[in-house]
Amino acid sequence: MPDWSDLVPVSRKASCFAFVLLFVVSACGASGPELSEVAAEGQTVFQAHGCAACHGENGEGDIGPALKGVFGSEVVLEDGSSVETDEAYLRRAILEPDAEVVAGFTISMPITNLTDAEVDALVAYIKEL
């Protein structure tokens, strides 16, 4: 009968290596693309000012419109017109939330008292979502 005791240390090393490799690969995949410095600041503003409560934890949308992937697209507004979601539109939507409401979203977004720098950071964050 073969002596399996010699294989146990190799098996443990292989298992440990596989576990570490799986952990590293899953951790890298879970983080997603890295945000620029200003977009990371925008993410902090997004969380701190409660934007995630309506727009979803990662901008995926909920009772407020989705923000993930919206930059550069065209959205239909409540009045039937449409608008490109460029930087100007995003700034307007943040500063004057009732000016151009996305169709299907009748709950008013609260007016915020954000600084220009915070608005710039939010716009950068939304662009990178």
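Quick notes
- Taken over segment 82-103, the residue count meeting the criterion of being of a type in the set (Gly, Ala, Ser) and touching an Asp or Glu at 6+ places or on another chain (Cβ under 8 Å) is 3.
- Qualifying positions in segment 112-129 - among the charged types (D, E, K, R) and either farther than 11 Å from GLU87 by Cβ or surrounded by fewer than 16 Cβ atoms within 10 Å (Cβ to Cβ) (or both): ASP116, GLU118, GLU128
- Residues in segment 93-111 that are charged (D, E, K, R) and exposed (fewer than 14 other Cβ atoms within 10 Å of the Cβ): GLU96, ASP98.
- Residues within segment 84-120 that are among the aromatic types (Phe, Trp, Tyr) and either touching a residue at least 40 places away in the same chain (Cβ under 8 Å) or within 16 Å of HIS49 (Cα to Cα) (or both), tallied: 1
- Lone qualifier among VAL75, VAL83 - being more than 17 Å from LEU129 (Cβ to Cβ) and part of a strand (DSSP E or B): VAL83
- Within segment 47-58, tally of residues that are in contact (Cβ under 8 Å) with a residue 24 or more places away in the chain and either in a helix (DSSP H, G or I) or closer than 14 Å to ALA121 by Cβ (or both): 3
- Scan segment 20-45 for residues that are at pLDDT 95 or above and not in a loop (DSSP other than H, G, I, E, B) and the total you get is 9.
- Failed item in (1) at pLDDT below 95; (2) in contact with a strand residue (DSSP E or B) (Cβ under 9 Å, 6 or more places away or on another chain), with GLU84 passing the rest: (1)
The values are calculated or read from the model by the stated rules, or taken from the named source; none is laboratory data. These numbers come from a predicted model, not from an experiment. Positions of Cβ are generated from backbone atoms using ideal geometry, with glycine treated the same way; all protein chains shown enter the neighbour counts.
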